[in-house]
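**Q** Let me begin by handing over the structure; questions about it come next.
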Amino acid sequence: MRFETKIVRAGIQPDPTTGSIVPPIYQTATYVLPEVGRDLGFDYTRAANPTRQVLEDNLAAIEGGKFGVMFASGMSTADSCLKLLNSGDHVICTDDVYGGVSRLYNKVLSRYGLEFSYVDTCDASAVEAAIRRNTRMLWIETPTNPLLKVMDLEAMGRIARAHGLLYAVDSTFATPVFLKPLQFGADLVMHSTTKYLSGHNQLIGGVVITDREDLYADLKFVQKTIGAVPSPFDCWLTLLGLKTLHLRMKRHGESGQRVAEFLEDHPKVARVVYPGLPSHPQHATARAQMDGYSGMISFELTGGIEAGKTLMNHVKLCGLAESLGAVETMITHPATMTHVEVPREDRLARGLTDGLVRLSVGIEDVEDIVEDLDQALSRA
Ligand SMILES: Cc1ncc(COP(=O)(O)O)c(C=O)c1O
């Protein structure tokens with residue numbers, strides 16, 4: 001099966017009892033056993049559910065891996081991956097990792113004896129230098145949220161192998177349409193399925209995919225033991241969204257490029273960060289390992305914080321929203337929205353400047369998106 005056929009069909013069979021082409025929503029908590037000691041493959045939905053199973057098989061096939069494990073959110077996916085470690089273990093993590101993940105690491109998991117170092121994982125020598133006697137995991141996010149840094153996954157894979165580290169990649173921004181981290185040696189690939197994979201701002205979810213049977217067994221154990229599982233209905237909605245993943249991503253990528261080029265030429269914009277632009281610091285890496293650049297753009301307004309507020313208050317088509325990766329275009333100004341409570345010094349130290357804007361380009365007519373940004377920028 002070719003890649004785009006897998007998206008529509010892999011792991012999905014007509015329902016054996018009715019022939020329904022769409023997998024049914026098995027909205028049940030429990031299953032009746034035919035006799036003591038024998039079930040029909042399912043006993044309790046926290047452990048396994050047929051709708052979830054179809055989704056896990058479909059996502060594993062799309063990612064090019066053997067096993068998928070679904071969780072109730074991207075965050076519970078990250079948390080569950082970290083449950084593979086033990087107290088006292090050390091993790092090296094991309095410095096510009098999604099803020100929710102660093103909050104999980106710093107405020108929750110560090111209380112249980114895990115140690116974290118945040119490193120510029122674009123720099124292999126910085127990663128090597130951060131390795132300690134107790135380092136067990138390399139956690140890479142590429143492209144990053146929100147600064148869109150791109151990592152060389154093959155180089156990171158070499159380091160992980162040489163030092164026996166578990167190699168995890170958060171590939172939420174790229175999706176398997178544009179990047180397949182397992183091909184570069186990743187042990188675990190995770191996605192917030194809230195974003196492009198489900199694609200319609202309709203649910204919260206997460207998945208991890210692996211080729212390793214031992215890790216799959218451990219993750220299944222964590223899944224059923226902790227119980228952070230998605231509802232059968234959310235799994236079904238994700239399956240529905242996934243059917244058009246390749247079509248949506250092609251459009252997100254084409255429109256992302258057009259909007260990035262428009263912004264790069266705009267006098268009110270000081271800098272545009274988009275992996276598809278030759279000006280992106282890791283454009284060569286992105287070109288070599290990705291098949292497209294997705295719909296996420298970050299840009300810096302010349303007018304700083306006031307310009308950011310004005311832009312946010314004057315866009316009409318672009319929605320002021322904290323999420324990303326859906327059919328609707330969404331815009332975020334970290335300084336006044338997602339990071340408004342972070343002290344300015346700390347925010348600046350993380351590269352989140354006053355005029356930084358993050359844009360998730362949707363699949364509307366791209367000229368409507370450009371026109372909306374243009375009219376709002378003229379006031380900023
Ligand atoms: C790159 C990345 N990873 C993980 C997450 C967390 O996912 P969720 O919101 O589904 O818990 C997000 C959310 O924005 C994200 O952008």
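**Q** Do you know which of the residues in segment 150-184 that are small (Gly, Ala, Ser) and more than 16 Å from the ligand (Cβ to nearest atom) is farthest from the chain's Cα centre (by Cα)? Please lay out each step first, then the result.
**A** Kept after step one, since they are small (Gly, Ala, Ser), are these residues of segment 150-184: 155, 157, 160, 162, 164, 168, 171, 174.
Adding the requirement that they be more than 16 Å from the ligand (Cβ to nearest atom) leaves 155, 157, 160, 162, 164.
Values: Ala155: 21, Gly157: 19, Ala160: 21, Ala162: 26, Gly164: 25 Å.
If we take residues in segment 150-184 being small (Gly, Ala, Ser) and more than 16 Å from the ligand (Cβ to nearest atom), then Ala162 is farthest from the chain's Cα centre (by Cα).
**Q** Of (1) within 16 Å of the ligand (Cβ to nearest atom); (2) under 28 Å from Arg2 (Cα atoms); (3) in contact (Cβ under 8 Å) with a residue 40 or more places away in the chain, Leu237 satisfies all except one. Which?
**A** Status for Leu237: all satisfied but (3).
**Q** Name the residues in segment 326-348 that are in a loop (DSSP other than H, G, I, E, B), among the hydrophobic types (A, V, I, L, M, F, W, C) and within 17 Å of His200 (Cβ to Cβ), would you?
**A** Those that are in a loop (DSSP other than H, G, I, E, B), among the hydrophobic types (A, V, I, L, M, F, W, C) and within 17 Å of His200 (Cβ to Cβ): Ala326, Val327.
**Q** Conditions first: (1) farther than 23 Å from Ser73 by Cα; (2) within 16 Å of the ligand (Cβ to nearest atom). Arg258 passes all but one, so which condition is the exception?
**A** (2)
**Q** Are any residues in segment 259-275 farther than 13 Å from Ser360 by Cα and either among the hydrophobic types (A, V, I, L, M, F, W, C) or over 18 Å from the mean Cα position of the chain (by Cα) (or both), and if so, which ones?
**A** Glu261, Phe262, Leu263, Glu264, Asp265, His266, Pro267, Lys268, Val269, Ala270, Arg271, Val272
**Q** How many of the residues in segment 301-312 are of a type in the set (D, E, K, R) and out of contact with any Asp or Glu (no Cβ under 9 Å at 6 or more places or on another chain)? Break it down into steps so the answer makes sense when it comes.
**A** Filtering segment 301-312 down to residues of a type in the set (D, E, K, R) leaves 306, 309.
Adding the requirement that they be out of contact with any Asp or Glu (no Cβ under 9 Å at 6 or more places or on another chain) leaves 309.
Summing the residues that are of a type in the set (D, E, K, R) and out of contact with any Asp or Glu (no Cβ under 9 Å at 6 or more places or on another chain) in segment 301-312 gives 1.
**Q** Okay, next question. Out of segment 103-144, which residues are over 24 Å from Arg158 (Cα atoms) and within 16 Å of the ligand (Cβ to nearest atom)?
**A** Listed by number, the residues that qualify are Arg103, Leu104, Tyr105, Asn106, Lys107, Val108, Leu109.
**Q** Now for a separate question. When both residues are 6+ apart or on different chains and their Cβ atoms are under 9 Å apart, which pairs have a first residue that lies in segment 49-74 and is more than 17 Å from Thr5 (Cβ to Cβ) and assigned by TED's automatic domain parsing to the domain that holds Ala217, and a second that is within 15 Å of the ligand (Cβ to nearest atom) and aromatic (Phe, Trp, Tyr)?
**A** Gly74/Tyr98
**Q** Let me ask something else. Report the residue count in segment 336-351 for those that are in contact with a helix residue (DSSP H, G or I) (Cβ under 9 Å, 6 or more places away or on another chain) and under 17 Å from Asp96 (Cα atoms).
**A** So the count comes out to 4.
**Q** Which one is nearest to the ligand (Cβ to nearest atom) among residues in segment 63-89 that are assigned to a helix (DSSP H, G or I) and more than 20 Å from Leu203 (Cα to Cα)?
**A** Within segment 63-89, the subset assigned to a helix (DSSP H, G or I) is 63, 74-82.
Remaining after also requiring more than 20 Å from Leu203 (Cα to Cα): 63, 81-82.
On the way: Glu63: 15, Cys81: 11, Leu82: 13 Å.
Only one residue fits best here, namely Cys81.
**Q** Taking only pairs six or more apart or across chains, which ones have beta-carbon atoms under 6 Å, a first residue in segment 313-325 that is within 19 Å of Gly206 (Cβ to Cβ), and a second residue that is within 16 Å of the ligand (Cβ to nearest atom) and assigned to a loop (DSSP other than H, G, I, E, B)?
**A** Glu322/Thr338; Leu324/Lys195; Gly325/Lys195; Gly325/Tyr196
**Q** Something else now. Tally time: how many residues in segment 185-215 are of a type in the set (A, V, I, L, M), part of a strand (DSSP E or B) and within 8 Å of the ligand (Cβ to nearest atom)? Write out each step before concluding.
**A** Pass one, segment 185-215, residues of a type in the set (A, V, I, L, M): 186, 188-190, 197, 203-204, 207-209, 215.
Now narrow it down to the ones that are part of a strand (DSSP E or B): 188-190, 207-209.
Restricting the remaining residues to those that are within 8 Å of the ligand (Cβ to nearest atom) gives 190.
Qualifying residue count for the region: 1.
Yes/no per residue for (1) more than 22 Å from the chain's Cα centre (by Cα); (2) modelled with pLDDT of 95 or more; (3) outside the structural domain of Ser298 (by TED's automatic domain parsing):
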{"site": "Val340", "(1), (2), (3)": "yes, no, no"}
{"site": "Arg350", "(1), (2), (3)": "no, no, no"}
{"site": "Leu356", "(1), (2), (3)": "no, yes, no"}
{"site": "Leu359", "(1), (2), (3)": "no, yes, no"}
{"site": "Gly362", "(1), (2), (3)": "no, yes, no"}
{"site": "Ile369", "(1), (2), (3)": "yes, yes, no"}
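The values are calculated or read from the model by the stated rules, or taken from the named source; none is laboratory data. Source: prediction; values computed, not measured. With ideal geometry, Cβ positions are generated from the backbone for all residues, glycine too; neighbour counts draw on all protein chains shown.
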